Amino acid sequence: MSSGEGRKTRVLSDIFGAPPLSVLDPKQKYWKVKKKEWLGKGIESELGRGENALKLSTLLQKKQKGTSIFDPFLVELIVRWYSKEGDVVFDPFAGGSVRGVVTSTLGRTYVGYELREEQVQANNLQKNISEHPNLVEWVYADSAVKEPPACQLVFTCPPYLDLEKYSQHPNDLSNMGVEDFFQVYETILSKAVEKLAENCFLVIMVGNVRKDGVLICFPERTVNILLKLGLSYHNELIYLQEPATAAMRAYNAMNISRVAGSIHQKLYVFCKGSSKDCATRLGKFMD
């Protein structure tokens with residue numbers, strides 16, 4: 001018998017949902033199938049937002065939606081990788097419905113704070129899409145003021161400064177100048193970290209943005225804030241975006257400004273306490 005006979009073939013995507021590599025590629029066939037399954041449940045995370053929050057031209061709107069939509073299969077992966085059934089997942093920048101619906105369907109309690117009442121109302125209309133609607137709660141609240149719940153995972157995606165605007169509320173981070181933004185941003189993250197249980201993970205998705213043509217180092221500043229708050233830097237993942245209008249935008253960006261178009265975002269994984277104990281708490285996917 002050869003050394004390989006009698007062994008079960010390990011397919012990483014079968015065990016982990018997707019190969020646990022540092023680059024996550026939604027263009028892969030298995031990813032598209034899983035994303036379609038989630039969206040087929042009726043999730044409409046764009047509800048409660050303006051039609052063109054990204055301020056796209058009429059031509060670009062023909063190629064992509066005018067508001068960013070969080071990938072439901074990405075939510076599944078992060079929730080499965082960094083929490084376990086019965087955990088409480090806190091999201092201080094809740095936005096649309098997708099993270100709440102997917103997280104609760106996977107048997108975790110989801111609590112998301114959202115500054116806009118109309119968004120909370122739109123999300124609540126989709127609560128019953130979840131297999132466990134009793135496990136999802138969107139709270140109309142300012143995360144810089146209201147205390148978070150005790151939780152075992154913080155999973156969120158903050159506004160990318162003023163890249164998208166959904167309200168004129170003065171406490172909306174997208175209406176703030178850069179330094180005011182980061183001051184309030186740090187306050188919100190500090191509150192979340194304080195309520196995060198020991199030996200648990202925090203996962204945050206960020207992308208870079210420009211002000212007056214200059215990168216403001218949003219990812220790097222996020223890392224520095226979380227290190228300052230005492231968390232350990234555990235992992236960095238790259239989420240490749242579907243190109244959508246990137247090719248159309250890339251011509252002018254490079255031709256005029258010598259800027260290469262961005263088609264990725266970063267997911268930073270931090271842990272509170274021991275990274276070994278964080279993993280031990282969750283257990284193995286399989287022996």
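Read-outs throughout are calculated quantities, based only on the coordinates presented, and are distinct from any laboratory measurement. Source: prediction; values computed, not measured. Quick reminder, even Gly has a Cβ in these numbers, built from the backbone with ideal geometry, and neighbours come from all protein chains shown.
For the range 66-134, the list of GluC sites (Glu not before Pro) that fall in a loop by DSSP and count at most 15 other C-beta atoms within 10 angstrom reads GLU85, GLU131. For VAL209, the residues whose amide H sits under 5 Å from its own are ILE216, CYS217, PHE218, ignoring neighbours fewer than 5 places away on the same chain, with H placed 1.01 Å from N. Exposure proxy for TYR166, TYR140: other Cβ atoms within 10 Å of each Cβ, ordered fewest to most, give TYR140, TYR166.
Taking other C-beta atoms within 10 angstrom as a stand-in for reagent exposure, ILE69, ILE129 fall in the order ILE69, ILE129, fewest first. Working ranking of peptides 19-26, 204-211 by packing, defined as the average number of other Cβ atoms within 10 Å per residue, highest first, is 204-211, 19-26. In whole angstrom, how far apart do the alpha carbon centroids of the range 15-33 and the range 189-242 sit? A separation of 22 Å, based on Cα centres. When the trypsin sites (Lys or Arg not before Pro) in the range 58-161 are filtered for DSSP coil states and for at most 16 other beta-carbon atoms within 10 Å of their beta-carbon, the remaining sites are LYS62, LYS63, LYS65, LYS84, LYS146. Pick from ASP142, ASP277, ASP14: which residue has the top mean-square fluctuation in a GNM of the chain where Cα pairs under 10 Å get a spring? Its mean-square fluctuation being the largest, the pick is ASP14. List the pair-distance distribution P(r) of the chain, using every Cα-Cα distance, as the percent of pairs falling in each 10 Å bin from 0 up to the bin containing the longest distance, rounded to whole percents. Pair shares across the bins are 6, 27, 37, 22, 6, 2, 0, 0. Quick one: go through the range 92-121 and flag any residue whose amide nitrogen is under 18 Å from the point 7 Å out along the Cα-to-Cβ line of VAL33. Nothing falls inside the zone, counting backbone N under 18 Å. From its DSSP helices (H runs of at least four residues, each -39,500 (n - 2.57)), the chain gives a residue-normalised ellipticity at 222 nm of -9500 deg cm²/dmol. Panel order for PHE70, PHE181, by other beta carbons found within 10 Å of each beta carbon, from fewest to most: PHE70, PHE181.
Which of these, SER97, SER143, SER257, has the largest mean-square fluctuation under a Gaussian network model of the chain (Cα springs below 10 Å)? Looking only at SER97, SER143, SER257, the largest GNM fluctuation is found for SER257. As a calculated quantity, the FRET efficiency between VAL11 and MET248 at R0 = 45 Å, using C-beta atoms, amounts to about 0.80.
Just GLN121, GLN265, GLN168 to compare: in a GNM of the chain, with alpha carbon springs under 10 Å, which one fluctuates most? Judging by the Gaussian network model, the answer is GLN168. The peptide list 214-226, 152-164, put in order of mean Cβ contacts within 10 Å with the highest first, becomes 152-164, 214-226.
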